[in-house]
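Let me begin by presenting the structure, written as structure tokens, before commenting on it.
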There are 2 protein chains.
Amino acid sequence: MYRLTVEYDAPADVAAFETRYTDEHVALVQQIPGLARFTLSHPKGGDGTPYLVAELWWDDEAAFKASAGTPERAATAEHAQGCGATYRTFHGEVDDRL
Amino acid sequence: MYRLTVEYDAPADVAAFETRYTDEHVALVQQIPGLARFTLSHPKGGDGTPYLVAELWWDDEAAFKASAGTPERAATAEHAQGCGATYRTFHGEVDDRL
């Protein structure tokens, strides 16, 4: 599958971030055309561990690219910028080795 | 599922890293007890994009913890340190939202 990863740094106001993310952002992501899967994780670890890892999955790169120009993708990206946490994104094919 | 993420920064010697990772490290990971899935991705993106994302998946946190003290986990972690790239690890439950 092809995945877009969004790694959020710790927000200054965790409660405000969680409210906005849970109550508003999740629904926007779920409306993105062609999305096959959407996963969330609040991981534990040492330095450099993201606060939240959001992953958007498509069947393949063509489906990812087809969604890139849609109003839903644009609205979701714009909304993310107002969640009160810095973040980085990267994307690529994910290959099973086991 | 419960996931251990390993994000490798760009190695100084990409060819040497890939040879060691592909020819040696992958087989060590595959031998870790209880491992349910193992995925690799070389993503694209802006600043902060890892060179390689390796993800080790277990059915649940108990299975992850059970593997933590095994010789295979120790050998794999030690081998990673000789691959010629800095890396960070974090772990946590991954929840489906779509």
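The values are calculated or read from the model by the stated rules, or taken from the named source; none is laboratory data. As the structure is a prediction and not an experimental result, all values here were calculated from the model. Here Cβ is always computed from backbone atoms with ideal geometry, including for glycine, and neighbour counts include all displayed protein chains. Just so you know, the surface numbers come from the protein's heavy atoms only, side chains and all, with ligands and any DNA or RNA stripped out. Shrake-Rupley method; radii C 1.70, N 1.55, O 1.52, S 1.80 Å.
Would you be able to tell me the number of residues in region A:51-73 that are polar (S, T, N, Q) and within 14 Å of chain B (Cβ to nearest Cβ)? Outline the logic, then answer.
Filtering region A:51-73 down to residues polar (S, T, N, Q) leaves A:67, A:70.
Keeping just the survivors that are within 14 Å of chain B (Cβ to nearest Cβ) gives A:67.
Final tally of qualifying residues: 1.
Can you tell me how many residues within region B:74-98 are open to solvent by less than 70 Å² (accessible area, probe 1.4 Å), over 11 Å from the mean Cα position of the chain (by Cα), in contact (Cβ under 8 Å) with a residue 40 or more places away in the chain and more than 9 Å from chain A (Cβ to nearest Cβ)?
6
Tell me, yes or no, whether region B:27-50 has at least one residue that is assigned to a helix (DSSP H, G or I) and within 7 Å of chain A (Cβ to nearest Cβ).
Just the residues of region B:27-50 that are assigned to a helix (DSSP H, G or I), to begin with: B:27-30.
Remaining after also requiring within 7 Å of chain A (Cβ to nearest Cβ): B:30.
Yes; the residues of region B:27-50 include at least one that is assigned to a helix (DSSP H, G or I) and within 7 Å of chain A (Cβ to nearest Cβ).
Filter region A:1-22 down to residues that are more than 13 Å from every other protein chain (Cβ to nearest Cβ) and part of a helix (DSSP H, G or I) and give me whichever is nearest to A:His79 (Cα to Cα).
A:Arg20
Has region A:41-61 got at least one residue that is out of contact with any helix residue (DSSP H, G or I) (no Cβ under 7 Å at 6 or more places or on another chain), open to solvent by 50 Å² or more (accessible area, probe 1.4 Å) and more than 25 Å from B:Phe38 (Cα to Cα)?
No: zero hits.
In region A:75-98, how many residues are in contact with a helix residue (DSSP H, G or I) (Cβ under 9 Å, 6 or more places away or on another chain) and farther than 30 Å from B:Leu28 by Cα? Can you show your working first?
First, the residues of region A:75-98 that are in contact with a helix residue (DSSP H, G or I) (Cβ under 9 Å, 6 or more places away or on another chain): A:75-76, A:79-80, A:82-85, A:87, A:89, A:91-93, A:97-98.
Add one more test, that the residue is farther than 30 Å from B:Leu28 by Cα, and what stays is A:75-76, A:79-80, A:82-85, A:87.
Residues meeting the conditions: 9.
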